[in-house]
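Shown next, in C-alpha cells, is the structure this report addresses.
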Amino acid sequence: MEKAIIVAIADNYAIGRANALLWHLSDDLKYFKKVTSGYPVLMGYMTYKSIGRPLPGRHNIVSTWYPFDAPEELDVVFSLEEGFSHARKYFNDNGIRESERKVFVMGGGETYRQALPTADTLYITHVHTEVEDADTFFPRIDPLIWKEVSRSETLQDAASGLTYEFTVYKRR
C-alpha cells in the first residue's frame, strides 16, 4: 500500500493558521479532489473539524485521541498506524488490487510530522509566498530523502495573484 501525503505549503513551509488554510486557490482544491478521489484519506481531528464533514468520494479516516460524535461513514482511529490498518481493511473488503492501493494523509501539522518518515510519495503544491504569522508548518523536504519526479508549470491564481506549482516527490 502506497502512503502518500498531500499538502499545499508556502515557501517558508507554512500550511495553516488558527486551524484554517492560508489561501483559497481554486485550482489547488480541484487538484486535491482529482488526486484523492476514490482513495482513503487520513487526517487528524482538527483537520476534520475544520472541514466539518466527511469528504465525498473518499473513505474518510480521522486519527484522534479526542472522543467525538462521528458520523457513521467516518472511521475514527487512535493512531496513524491504526489509520493505515483501516485503509488496508478498506482495500481488502473492496477487493482493490495491490497496485491500486494508495492512502492520502491530508493534515494537519502533527499528522504530517508523524506520517513523513514512512511516506512513499509527496504531492506538494508549492505556493510562492511566506506567511509569517502562520502557526502550523510542514516538515522540511530533505532532498537526500526525496526526489522530485514531476512539477507543473508555474501557475497563477487570478483572485489572489499567488503563483504555485504542483510537485510530486518520491522517496529515494
Placed amide H near SER63: partners under 5 Å, 5+ positions off or other chain: MET43, GLY44, TYR45, VAL77
Give me the angle, in degrees from 0 to 90, between the Cα long axis of helix 80-93 and the longest principal axis of the Cα atoms of the chain, rounded to the nearest 10. 60 degrees
Name the residues whose placed amide hydrogens come within less than 5 Å of the amide hydrogen of ARG101, ignoring near sequence neighbours (fewer than 5 apart) on the same chain. GLU2
Return the long-range amide H neighbours of ALA8 (sequence gap of 5 or more, or a different chain), with a cut-off of under 5 Å between placed amide H atoms. THR125
What value, in deg cm²/dmol to 500, does the helix sum -39500 (n - 2.57) over DSSP H runs of n ≥ 4 give at 222 nm once divided by the residues of the chain? -6500 deg cm²/dmol
I'd like to know how the stretch 2-171 sits against the 2.2 N^0.38 Å rule of thumb: what's its Cα Rg over that expected value? 1.01
Prolate/oblate/rounded call for the stretch 122-172, Cα gyration tensor, a/c under 1.5 rounded: oblate
Can you bin every Cα-Cα distance in the stretch 1-98 into 5 Å intervals starting at zero and give me the percent of pairs per bin, rounded to whole numbers? 2, 11, 21, 25, 20, 13, 6, 2, 0
Sort out for me the Cα centre separation of the stretch 127-172 from the stretch 33-49, rounded to whole Å. 19 Å
Full-extension gain between ARG113 and GLU130, please, as 0.36 nm times their residue separation minus the C-alpha to C-alpha distance. 4.1 nm
Using alpha-carbon coordinates, inclination of helix 26-36 to the longest axis of the chain, degrees: 30 degrees
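None of the figures in this text is laboratory data; all of them are computed from the coordinates on show. Predicted, not measured: the structure shown is a model, and the values here were computed from it.
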